[in-house]
Amino acid sequence: MKEAEKGKNKPKLEFDFIPEESWKFNLRHILSPAAWDVVRRDAYKQANYKCRICGRGNCRLEAHEKWSFDTKRHIQKLDDVLALCHECHAVIHYQRTALCDGAEGAARAQAHFMRVNGCTQAEFHEALAKAAQKHRELNEIEDWRLDLSFLKRFV
């Protein structure tokens, strides 16, 4: 990001590290396969079959669950399900990408983050450090309660 733009615009592509306790709250495991299929297909349709972050079309889309965390009330709320290309999804789950795909996958994710956000390597590392700090803070909280009110629109 250019120096003048810092602080003005939120990056298009960000890391989304959820608390480790919440890894078990994946919608694919909570919902039946048929219900998950309805939710993810709706996300693709809402995004006009393009990645909601980088705008890439003509690619296999993946569904990403966007959660928010109320740290005072210990509520994990499902805010949205986003249609994403594989590259944007790999950045969002950078920790998993680095673990599963090694240094090569991490390098691809870093390059994609920098390309989509128009930022430098230093800005990439700064954003990653901030996300890691937020992740540590969220991990200090136990017993998250789920708010799945987002799903009411499918009933």
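Read-outs throughout are calculated quantities, based only on the coordinates presented, and are distinct from any laboratory measurement. On a predicted model such as this, the values are computed, not experimentally measured, just so you know. Backbone-built Cβ (ideal geometry, glycine too); neighbour counts: all protein chains shown.
Please work out which residue is farthest from V91 (Cα to Cα), limiting yourself to region 16-58 and to residues that are among the aromatic types (F, W, Y) and surrounded by fewer than 17 Cβ atoms within 10 Å (Cβ to Cβ). Here the residue is Y49. For region 91-98, the condition holds for at least one residue, the condition being that it is among the aliphatic types (A, V, I, L, M) and in contact with a Gly (Cβ under 9 Å, 6 or more places away or on another chain). Of the helices (runs of 4 or more DSSP H) lying entirely inside region 13-103, the ones with 2 or more residues being out of contact with any helix residue (DSSP H, G or I) (no Cβ under 8 Å at 6 or more places or on another chain) and farther than 20 Å from F124 by Cβ are found at 27-30, 33-46.
Scanning region 48-64 for residues that are more than 13 Å from the chain's Cα centre (by Cα) and either under 8 Å from L84 (Cβ atoms) or small (G, A, S) (or both) returns G55, G57, L61. Considering only residues that are closer than 20 Å to V81 by Cβ and either touching a residue at least 60 places away in the same chain (Cβ under 8 Å) or surrounded by 10 or more Cβ atoms within 10 Å (Cβ to Cβ) (or both), which ones fall in region 139-155? Within region 139-155, W144, R145, L146, D147, L148, S149, F150, L151, F154 meet the criteria. Figure legend. Inter-residue proximity from region 81-94: first residues among the acidic types (D, E), second residues part of a helix (DSSP H, G or I), beta-carbon distance below 7 Å, spacing 6+ or different chains. Indicated pairs: E87/H112. Every listed requirement among (1) touching a Ser or Thr at 6+ places or on another chain (Cβ under 8 Å); (2) touching a residue at least 60 places away in the same chain (Cβ under 8 Å); (3) within 26 Å of V155 (Cα to Cα) is met by W67 save one, (2).
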